[in-house]
1. For region 1-59: of the residues being in a loop (DSSP other than H, G, I, E, B) and surrounded by 10 or more Cβ atoms within 10 Å (Cβ to Cβ), which is modelled with the lowest pLDDT?
2. Just name the residue that is farthest from ILE78 (Cα to Cα) out of those in region 46-58 that are touching a residue at least 24 places away in the same chain (Cβ under 8 Å) and more than 17 Å from the chain's Cα centre (by Cα).
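The values are calculated or read from the model by the stated rules, or taken from the named source; none is laboratory data. Just so it is clear, the model here is predicted, and its values are computed rather than measured. Note: ideal-geometry Cβ built from the backbone for every residue, glycine included; neighbour counts use all protein chains shown.
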Amino acid sequence: MDQQSQETSEVLTFAPRQNTGAPQAFDPSDELADKPLGWVPHNPQGTHQTEFAQKYGIPFEATQGGKDTTYPEYQLRIAELRAQPVKPAQGKR
């Protein structure tokens, strides 16, 4: 162990009978009933998933994230993008 981890003031105690609350019951539900067993949702490289942008009327660029999209000023960029003529959706390549 390095010196720093030996100097901690935290003390951990083994307590197998400790009550941490009621266990959580999970009810799995099949949200992808129309897909075959073992199907995994995926977006292959080189494809543009434009469905979200089209569904909510958001410019595709805005749905791609990035640090610029986290600032309130990006709303001005969205207004600029909406003012531009709409290009036909490329969808999957």
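1. So the residue we want is LEU32.
2. Once the filter is applied, the top-ranked residue is GLY46.
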